[in-house]
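Before any comments, here is the structure.
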Amino acid sequence: MKEESARAVAVRALDRLEKNLPANRILERELERLKDEDRSLATSLFYGVLRRRITLDYVLEHLSGRRMERIDRPLRNILRTGLYQLRYLDKIPPWAAIDEAVKTAKPHGKGSGFVNAVLRQATRRDVPLPAPEGDFLLHLSVKYSQPLWLVERWLRRLGRTETEALLAMNTEIPPLVLRANRLRTTAAGLCRQLAEGGFTAIAGLHFPEALRLPSGVPARLPGYAQGLFSVQDESSQAVAGVLDPQPGERIMDLCAGAGGKTTALAERMGDEGEIVGLDLDGERLGLLQDNAGRLGLRSIARVRMDAREAGERYAAWADRLLLDAPCSGTGVIRRRPDIGWNKGPGDIRRLAERQRRLLAVAAGVVRAGGVLVYATCSTEAEEGEEVVADFLRGRSDYRPENIGPYLPPSLRGAAEGHSLRLWPQRHGTDGFFLARLRRTGGVEGDAGGEGAETTG
């Protein structure tokens, strides 16, 4: 059966994810096993289980009378996938969800009977979630499937009402956001081409090049092969405007990854100048090359290098530099739901130290009078405001620069001097932090640092 194949692929991908492999790469490789019509179901199950895992586990533990860690590993994701269909996918009949889960479990012997019993219980018994008047923190964690440590952090910072709004957004399927390639089309022109192909897009919330679709496979959309657009959330689209690269300048993207921001910078400066996209990951740099070629961009040079070497080889080289630093990713949980439960407070502290060292390296690459933009897709101040504040205290040759003039009117109210903090529940974007700094000359701080562990 086609559906059985899709369910089995989703379970295999979830099993591999438990071994701490990257979620998106795992799914892409597993989907190659399926026909086109089955891929949407496998994708829905995979990300649905990730998005609702804490809720599913809470219900399954009550139905089975066992802690999840005491259930055999091969059966955990079969149960999660089956329960997800029963609770959240109305178009799949309960009998079909249970039957396919049992078939998937049969190679595990007596486990198929256990799966059958637990899922049939789910059709007959309602397991109430923790009541808000009891343990409110546990209530939010289970209801919105977010880890306790992160919910607690957001409650302290945002309060009850706004935290719940953020959690609710993190459980929703986010829109597919496109950035029209301004060198080849406009958002209006791209919107018309999409409509001719049967896809409905609406204007973005903040940027003229942005379009939003409820869903879709980018490579199958009209205009993709012709390089008319890239996929980029509006939070990330803010970067190019804040860095404000000019034609003919020398630009460095220190953690370029697959090049979403690198290509945006090239488009903004009319593909005139010199852009270095630097990264340690050769596979990501290969994607950068592919994306630049598809978009028709020639100003981007790919460099595979340790950031410590960049500080020496490119000392005072860049007119403008972007450091989109590796971070916890708490701002993109709605797009990467695995982030919520495979990281903890210790990771934030560790990553913040790495960000400080990378920022010190980046500072030495910018020429006197040049601009440095620091960015993370984190909601946490330790990875944003605090890193920048520490940097400025130790660098007399850098000063903060007002970020407001480089933002669209709809986001200027969110700016605080030299920085911008975006929240999903406030701005309809991913969670993001940006800061704009200018090198003035004077006494330099320490430009040492560790290798560039990078993100896309």
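The values are calculated or read from the model by the stated rules, or taken from the named source; none is laboratory data. Treat the numbers as computed from the prediction; the structure is a model and nothing was measured. We place every Cβ from the backbone using ideal geometry, glycine too, and count neighbours over all the protein chains shown.
Scanning segment 110-147 for residues that are free of Cβ contacts under 8 Å to residues at least 60 places away in the same chain, within 30 Å of A165 (Cα to Cα) and of a type in the set (S, T, N, Q) turns up just one, T123. Scanning segment 311-325 for residues that are assigned to a loop (DSSP other than H, G, I, E, B) and out of contact with any strand residue (DSSP E or B) (no Cβ under 8 Å at 6 or more places or on another chain) yields a single hit, A315. Would you confirm whether any residue within segment 217-235 is closer than 29 Å to A310 by Cα, small (G, A, S) and in contact with a strand residue (DSSP E or B) (Cβ under 9 Å, 6 or more places away or on another chain)? There is at least one residue in segment 217-235 that is closer than 29 Å to A310 by Cα, small (G, A, S) and in contact with a strand residue (DSSP E or B) (Cβ under 9 Å, 6 or more places away or on another chain).
Within segment 326-354, which residues are surrounded by 19 or more Cβ atoms within 10 Å (Cβ to Cβ), touching a Phe, Trp or Tyr at 6+ places or on another chain (Cβ under 8 Å) and not in a loop (DSSP other than H, G, I, E, B)? Of everything in segment 326-354, just one residue is surrounded by 19 or more Cβ atoms within 10 Å (Cβ to Cβ), touching a Phe, Trp or Tyr at 6+ places or on another chain (Cβ under 8 Å) and not in a loop (DSSP other than H, G, I, E, B), namely G331. The number of residues in segment 259-283 that are in a loop (DSSP other than H, G, I, E, B) and closer than 13 Å to L295 by Cα comes to 3. Take the conditions (1) touching a Lys or Arg at 6+ places or on another chain (Cβ under 8 Å); (2) farther than 19 Å from N342 by Cα; R156 misses just one of them, which is (1). Inspect segment 53-65 for any residue being outside any helix (DSSP H, G or I), closer than 21 Å to L138 by Cβ and more than 17 Å from the chain's Cα centre (by Cα) and give the result as yes or no. Checking segment 53-65: at least one residue is outside any helix (DSSP H, G or I), closer than 21 Å to L138 by Cβ and more than 17 Å from the chain's Cα centre (by Cα).
If you take the residues in segment 158-180 that are of a type in the set (G, A, S) and over 19 Å from V49 (Cα atoms), which one is surrounded by the fewest Cβ atoms within 10 Å (Cβ to Cβ)? Checked segment 158-180; the qualifying residue surrounded by the fewest Cβ atoms within 10 Å (Cβ to Cβ) is G159. Screening L288 with (1) farther than 21 Å from G204 by Cα; (2) within 18 Å of the chain's Cα centre (by Cα); (3) in contact (Cβ under 8 Å) with a residue 40 or more places away in the chain gives one miss only, at (3).
Table: residues versus (1) over 27 Å from T376 (Cβ atoms); (2) part of a helix (DSSP H, G or I).
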position	(1), (2)
L178	no, no
T185	yes, no
F199	yes, no
H206	no, no
G223	yes, no
G227	yes, no
S230	no, no
V239	no, yes
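Residue pairs whose Cβ atoms lie under 8 Å apart, sitting 6 or more positions apart in sequence or on different chains, and linking a residue in segment 357-368 that is farther than 17 Å from L243 by Cβ to a partner that is part of a helix (DSSP H, G or I), are A360/F391; V361/A307; V361/R308; V361/A310; V361/G311; G364/G311.
Tell me, yes or no, whether segment 423-438 has at least one residue that is under 19 Å from A352 (Cα atoms), under 26 Å from the mean Cα position of the chain (by Cα) and among the charged types (D, E, K, R).
yes
Out of all the residues in segment 120-133, is one or more acidic (D, E) and more than 30 Å from L221 (Cα to Cα)? Within segment 120-133, one or more residues are acidic (D, E) and more than 30 Å from L221 (Cα to Cα).
Quickly run through segment 358-394 and pick out the residues that are β-branched (V, I, T) and farther than 20 Å from D306 by Cβ.
Matches in segment 358-394: V371, V373, T376, T379, V387, V388.
Checking each residue in segment 140-152 for being in contact with a Ser or Thr (Cβ under 8 Å, 6 or more places away or on another chain) and either of a type outside the set (S, T, N, Q) or farther than 17 Å from L50 by Cα (or both) picks out L140, V142, K143, Y144, P147, L148, L150, V151. Hey, does segment 297-317 have a residue that's modelled with pLDDT of 95 or more, on the phi > 0 side of the Ramachandran plot and surrounded by fewer than 21 Cβ atoms within 10 Å (Cβ to Cβ)? Yes, segment 297-317 contains a residue that is modelled with pLDDT of 95 or more, on the phi > 0 side of the Ramachandran plot and surrounded by fewer than 21 Cβ atoms within 10 Å (Cβ to Cβ).
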